[in-house]
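The values are calculated or read from the model by the stated rules, or taken from the named source; none is laboratory data. All of these numbers come straight from a predicted model, not from anything done at the bench. Please note: Cβ atoms are built from the backbone with ideal geometry, for glycine as well, and neighbour counts cover all protein chains shown.
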């Protein structure tokens with residue numbers, strides 16, 4: 001049986017998971033593929049710490065360059081966008097296919113890396129970069145290849161989804177749940193990459209590249225995180241039939257593409273709204289297939305390893321067939337332009353804190369009318385607390401973001417409007 | 001650009017969908033794959049009926065044999081297990097890769113067809129045979145290839161799911177909903193293939209083959225359909241926190257495999273229980289990835305075409321790379337034996353109709369105790385109607401099917417037990 005030698009650069013959590021999976025399941029994979037995917041080398045600066053996986057000590061090295069020379073395929077699990085990029089470029093130039101889980105690197109340097117792969121006539125596989133164990137890259141690149149993609153909605157950050165689920169279930173506020181999530185290891189000590197939406201934005205840029213044939217980079221991706229979601233917002237959303245999720249939204253409207261990441265109200269009775277805790281889900285709507293949804297663990301040592309090793313099996317089949325670049329992704333834009341956020345059409349949820357006095361609703365609805373924004377529902381409950389401030393929640397029909405912003409600016413200038421107006425977008429899926 | 005010539009045998013609903021997709025999206029597919037997938041020939045006995053798709057008339061032929069000779073890849077959409085089998089074997093022997101949506105043929109003759117494909121060193125692709133547009137074959141064969149598969153649960157028959165959803169939502173009984181579904185075109189005039197579970201069984205046999213490396217045929221697949229599900233059962237299930245779905249269950253317990261299709265109570269709060277109407281969903285649990293779920297349209301002209309054309313793209317990439325048999329499926333059993341239904345362990349829902357008199361619950365629970373079956377919950381409501389008969393619903397803890405059957409046989413002999421005892425299995429997912 002043909003054997004391919006795998007070298008892993010980066011023996012952290014995911015690296016250890018990949019090693020464990022290969023040690024445990026290489027035989028099953030060989031039965032299925034006809035190729036033995038063999039763990040041959042692991043490089044890391046630290047090769048003494050116990051990672052809880054019984055790799056033969058002689059395969060460990062601190063010399064990543066030597067590893068690249070010795071193996072048939074290089075798995076980059078260093079992370080970050082500096083040395084990881086160099087290792088990948090070096091492997092590609094040496095004619096070695098690369099498997100990576102590095103979403104930030106692909107989002108930022110995808111074009112350069114894929115150009116290098118093309119020049120060297122080798123492949124880069126990256127299933128683990130988006131939604132962990134869910135084979136969404138393969139689904140979009142191959143399973144749905146016959147579709148023009150109309151929309152993608154992704155819940156792709158487990159930390160955010162975990163925090164929102166707990167806020168909802170426990171009625172606890174953001175700061176308290178974040179602190180507890182950090183204690184439990186579900187959120188990083190420096191949580192900004194997750195909770196401010198950047199991690200989801202990296203993944204959105206990768207899915208958008210597959211859907212529309214261009215490495216967009218991050219510049220055209222609009223990003224908002226979940227820090228501003230209050231318990232009140234979750235409760236009003238619930239009352240109105242919605243849940244709030246941090247959603248990546250990738251859409252083609254006419255010939256233009258939108259890529260955005262922000263908290264979004266989605267109807268409670270949809271499958272997507274019922275994806276909770278650390279789980280991820282990606283809804284893909286194609287012109288031919290209609291709506292499909294893919295669900296599973298978006299992170300974690302083993303789930304991520306599942307995706308990395310699936311890529312290794314693809315590489316193994318390629319090498320054993322003597323073929324490269326057998327993959328349904330080539331750059332070649334399938335759209336006209338990226339829509340700026342000001343031109344996006346959306347429905348909106350607005351929460352205002354207003355003085356409880358006559359004429360308030362009249363003034364606010366007048367401003368919306370002036371900007372041609374139509375109200376679809378409005379809640380003002382009786383005052384719960386002492387004081388003269390009450391919340392007013394408005395859902396709008398579809399409106400243009402720049403008009404909505406202008407209307408909100410005007411509202412915030414009214415004496416009766418206290419505090420900032422909270423704005424969340426709504427998708428009806 | 002390399003071009004591959006596609007020939008479709010069978011110009012029915014799906015054939016027309018595939019033709020429409022190729023005519024509309026071949027250019028996008030070419031941008032993505034670098035290969036032009038060209039609709040070259042369509043064979044059918046009837047080439048005069050208008051199928052609502054504007055294919056060039058000169059590509060139509062009544063001669064399937066000539067088509068096989070002329071094209072690079074053959075799409076078999078004839079259906080059935082007679083001529084379809086002959087066309088496929090003929091194409092394979094002529095060295096032409098085959099794409100098929102024919103679940104019955106694969107379930108029954110998979111081993112023969114794949115042996116012929118191996119002998120000819122060409123491929124058979126069959127994404128459309130299971131769950132329509134959902135790329136579940138690719139997910140299981142490639143995306144989750146690094147996993148030992150613990151369990152698969154599939155809602156894979158749109159007709160059954162549609163009927164059960166309507167019964168539940170409208171409180172209408174099976175016969176009424178079936179009749180209406182037939183009128184609306186959601187159920188066939190001869191509905192047995194769907195509602196008696198055979199269609200789902202075909203699909204289960206195919207997924208089991210991928211998961212465990214053997215073409216099982218249908219013999220080891222236990223099958224029950226949905227005819228016996230009454231509104232009462234749906235209501236009691238609901239009261240107990242469950243929904244009833246027609247589920248394909250494929251499981252490995254220790255080294256043995258179970259393949260079964262039957263109505264199953266699953267917890268209401270799971271994603272699987274919330275897959276409704278004609279939609280399909282497949283949950284796959286692997287040792288490495290954990291639980292994943294795949295959702296979408298399981299049937300219909302376009303959804304099925306999406307899967308067929310995805311296979312064509314795979315074939316196109318293979319042909320353009322000059323590789324064949326680059327696929328992660330080889331027969332080679334990854335299990336010990338198939339568990340007979342009598343040895344299956346399950347939880348059970350039992351609904352009895354009993355005489356409302358003292359000692360009934362005592363006698364019935366005594367029978368269960370004698371057979372070492374433990375009760376997890378029991379409902380007996382006050383009598384709703386006149387008469388002396390009341391329903392008694394029992395949920396059991398896990399028990400062996402043969403013991404459960406023996407216990408039920410004894411119960412049915414009691415004077416106080418009227419009518420047959422209804423038995424449904426429970427999966428806690």
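So for segment A:386-403 (the condition being free of Cβ contacts under 8 Å to residues at least 24 places away in the same chain and assigned to a loop (DSSP other than H, G, I, E, B)), does at least one residue qualify?
Scanning segment A:386-403 turns up at least one residue that is free of Cβ contacts under 8 Å to residues at least 24 places away in the same chain and assigned to a loop (DSSP other than H, G, I, E, B).
Are any of the residues in segment B:17-26 touching a helix residue (DSSP H, G or I) at 6+ places or on another chain (Cβ under 6 Å) and assigned to a strand (DSSP E or B)?
no
For residue A:154, indicate whether it is within 21 Å of residue A:198 (Cβ to Cβ) and not assigned by TED's automatic domain parsing to the domain that holds residue A:280.
It is false that residue A:154 is within 21 Å of residue A:198 (Cβ to Cβ) and not assigned by TED's automatic domain parsing to the domain that holds residue A:280.
For segment A:288-310, what are the residues that are within 16 Å of residue A:151 (Cα to Cα) and either touching a helix residue (DSSP H, G or I) at 6+ places or on another chain (Cβ under 8 Å) or more than 9 Å from chain B (Cβ to nearest Cβ) (or both)?
If the condition is that a residue be within 16 Å of residue A:151 (Cα to Cα) and either touching a helix residue (DSSP H, G or I) at 6+ places or on another chain (Cβ under 8 Å) or more than 9 Å from chain B (Cβ to nearest Cβ) (or both), then A:288, A:289, A:290, A:292, A:293, A:294 are the ones that fit.
Taking only segment B:179-194 into account, find how many residues are in a helix (DSSP H, G or I) and surrounded by fewer than 23 Cβ atoms within 10 Å (Cβ to Cβ).
So the answer is 8.
Could you list, in sequence order, all residues of segment B:411-429 that are touching a helix residue (DSSP H, G or I) at 6+ places or on another chain (Cβ under 7 Å), on the phi < 0 side of the Ramachandran plot and part of a loop (DSSP other than H, G, I, E, B)?
B:414, B:416
Among the listed residues A:169, A:147, which satisfies the condition of being surrounded by fewer than 24 Cβ atoms within 10 Å (Cβ to Cβ), at pLDDT 95 or above, more than 17 Å from residue A:310 (Cβ to Cβ) and within 14 Å of chain B (Cβ to nearest Cβ)?
Just one listed residue meets the conditions, A:169.
Across segment A:324-342, what is the number of residues that are more than 7 Å from chain B (Cβ to nearest Cβ) and either more than 28 Å from the chain's Cα centre (by Cα) or modelled with pLDDT of 90 or more (or both)?
The qualifying residues number 11.
In segment A:40-54, what count of residues is obtained for those that are touching a strand residue (DSSP E or B) at 6+ places or on another chain (Cβ under 6 Å) and assigned to a loop (DSSP other than H, G, I, E, B)?
Total satisfying the criteria: 1.
To keep it simple, each residue is scored yes or no on (1) within 14 Å of chain A (Cβ to nearest Cβ); (2) modelled with pLDDT of 95 or more; (3) more than 24 Å from the chain's Cα centre (by Cα).
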position: B:1; (1), (2), (3): yes, no, yes
position: B:16; (1), (2), (3): yes, yes, no
position: B:29; (1), (2), (3): yes, yes, yes
position: B:40; (1), (2), (3): no, yes, yes
position: B:78; (1), (2), (3): no, yes, no
position: B:103; (1), (2), (3): no, yes, no
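What's the total number of residues in segment A:118-144 that are touching a strand residue (DSSP E or B) at 6+ places or on another chain (Cβ under 6 Å) and either assigned to a loop (DSSP other than H, G, I, E, B) or modelled with pLDDT under 95 (or both)?
Looking only at that region, the number is 6.
Looking at A:78, A:37, A:74, can you tell me which residue is surrounded by 19 or more Cβ atoms within 10 Å (Cβ to Cβ), part of a loop (DSSP other than H, G, I, E, B) and touching a helix residue (DSSP H, G or I) at 6+ places or on another chain (Cβ under 6 Å)?
A:78
Tally time: how many residues in segment A:271-287 are within 9 Å of another protein chain (Cβ to nearest Cβ) and farther than 26 Å from residue A:101 by Cα?
Looking only at that region, the number is 3.
Would you mind finding the one in B:8, B:29, B:4 that is assigned to a helix (DSSP H, G or I) and crowded, with 17+ Cβ neighbours inside 10 Å?
Of the residues listed, the single one that is assigned to a helix (DSSP H, G or I) and crowded, with 17+ Cβ neighbours inside 10 Å is B:29.
Identify, from the list A:116, A:120, A:176, the residue that is on the phi < 0 side of the Ramachandran plot, assigned by TED's automatic domain parsing to the domain that holds residue A:245, free of Cβ contacts under 8 Å to residues at least 40 places away in the same chain and surrounded by fewer than 23 Cβ atoms within 10 Å (Cβ to Cβ).
One residue alone meets the criteria, A:176.
With (1) more than 29 Å from residue A:221 (Cβ to Cβ); (2) surrounded by 19 or more Cβ atoms within 10 Å (Cβ to Cβ) as the list, and residue A:383 as the residue in question, which single condition is left unmet?
Unmet condition: (2).
Would you check if there is a residue in segment A:311-323 being more than 14 Å from chain B (Cβ to nearest Cβ) and assigned to a loop (DSSP other than H, G, I, E, B)?
Within segment A:311-323 (the criterion being more than 14 Å from chain B (Cβ to nearest Cβ) and assigned to a loop (DSSP other than H, G, I, E, B)), the answer is no, since none of the residues qualifies.
Every residue in segment B:341-385 that is part of a loop (DSSP other than H, G, I, E, B), over 23 Å from residue B:229 (Cα atoms) and in contact with a helix residue (DSSP H, G or I) (Cβ under 9 Å, 6 or more places away or on another chain), please.
B:371, B:372, B:373, B:374
Residue B:112: over 25 Å from residue B:298 (Cβ atoms), in a helix (DSSP H, G or I) and under 23 Å from the mean Cα position of the chain (by Cα), yes or no?
For residue B:112, the condition - over 25 Å from residue B:298 (Cβ atoms), in a helix (DSSP H, G or I) and under 23 Å from the mean Cα position of the chain (by Cα) - is met.
Identify the residue in segment B:145-170 that is part of a strand (DSSP E or B) and over 30 Å from residue B:318 (Cβ atoms) and, among all such residues, is farthest from the chain's Cα centre (by Cα).
Going through the qualifying residues, I end up with B:150.
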